Amino acid sequence: MALKHTILAFLSRQSLSGYDVAKEFAEGFGSCFWKASQQQVYAELTKLEQQGKVAYEAIPQPGRLDKKIYSITEQGQQELLDWLTKPCEPSAIREDLGVMGLAGHLVSPQVVIREIERRRQLHLETLQQVKKLDEHFAKHLDSLELKDLYMHLIIRRGIRYQEEWVAWCDEALGAIAQAVKQ
């Protein structure tokens, strides 16, 4: 998956400003499965616009730059459809904490414990944020349109991912505490 596919997917649901797309990655649905900075989003929107995959309507704003509201074009929708119909492979796990586990024996257990505790807290905070994203969908599960059911299911995947991280941190902290006692 590329950043362009995620942006095109957002725009397939509704027209958005660049700011709104970036906000989706920071705290919205996109935060469940992809990270992108505001600069990356704007650069990708510019490329997609140059390729004819998105178009924008400029909305005048007194005393400020025009606000650009982006929409997916037919060409962009075809790009997204082509991508959607191809099988996708699971992503490789790229995790700094995993590498820390390889060399953790070189530092005090407190260094590793401190990092796992920090990560646990980050995952707990993200879990609450992702659960909040699902509140509307979960309350209206019986009447969701298919496109919203898909969003609910992906958000549920994000919830489980964060819950698993918290559970692993708890397990790791308990195992290290037990080992340090011995």
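So, counting K/R as plus one and D/E as minus one, what does the shell of residues with Cβ under 12 Å around S17 add up to?
Residues close to S17 contribute a combined charge of -1.
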*Leaving out ligands and nucleic acids, note down the accessible area per residue over the chain with a 1.4 angstrom probe, in whole Å².*
68
*Percent accessible area from carbon and sulfur atoms, the range 108-182, protein chains only, probe 1.4 Å*: 54
*Please work out whether the range 17-64 counts as rounded, prolate or oblate from its C-alpha gyration tensor, where a ≥ b ≥ c are the square roots of the eigenvalues and a/c under 1.5 means rounded, while otherwise a/b larger than b/c means prolate and anything else oblate?*
oblate
_Dipole of the range 1-121, positive end: most advanced residue of V111, L16, Q78 [Cβ charges, Cα centre]_ = V111
*In the neighborhood of Y70, defined by Cβ-to-Cβ distances under 15 Å, what is the net charge if each Lys or Arg adds +1 and each Asp or Glu adds -1?*
-1
*Apply 1/(1 + (r/R0)^6) to the Cβ-Cβ distance of R156 and A179, taking R0 = 45 Å, and write down the FRET efficiency to the nearest 0.05.*
0.85
*Share of Cα-Cα pairs in the chain beyond 30 Å, in percent?*
36
*When the chain is modelled as a GNM with alpha-carbon springs shorter than 10 Å, which of G63, G104, G76 fluctuates the most?*
G63
*Within the chain, longest stretch free of exposed chymotrypsin sites (Phe, Trp or Tyr not before Pro) [DSSP loop, at most 16 other beta carbons within 10 Å]*: 35-182
*In a Debye calculation with equal point scatterers on the alpha-carbon sites of the range 76-145 and no solvent, what is log10 I(q)/I(0) at q = 0.24 Å⁻¹?*
-1.02
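Quick check on my link table: of K35/K67; K35/K132; K86/K147; K53/K86, which ones sit more than 21 Å apart, alpha carbon to alpha carbon?
Long pairs (Cα-Cα over 21 Å): K35/K67.
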_Can you give me the solvent accessible area of S143 with a 1.4 Å probe, rounded to the nearest 10 Å²?_
90
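The values are calculated or read from the model by the stated rules, or taken from the named source; none is laboratory data. In this text the structure is predicted, and so the values were computed from the model without any measurement. All Cβ positions, glycine included, derive from the backbone under ideal geometry; neighbour counts span all protein chains shown. For accessibility, only protein heavy atoms count, side chains too; no ligands or nucleic acids. Shrake-Rupley method; radii C 1.70, N 1.55, O 1.52, S 1.80 Å.
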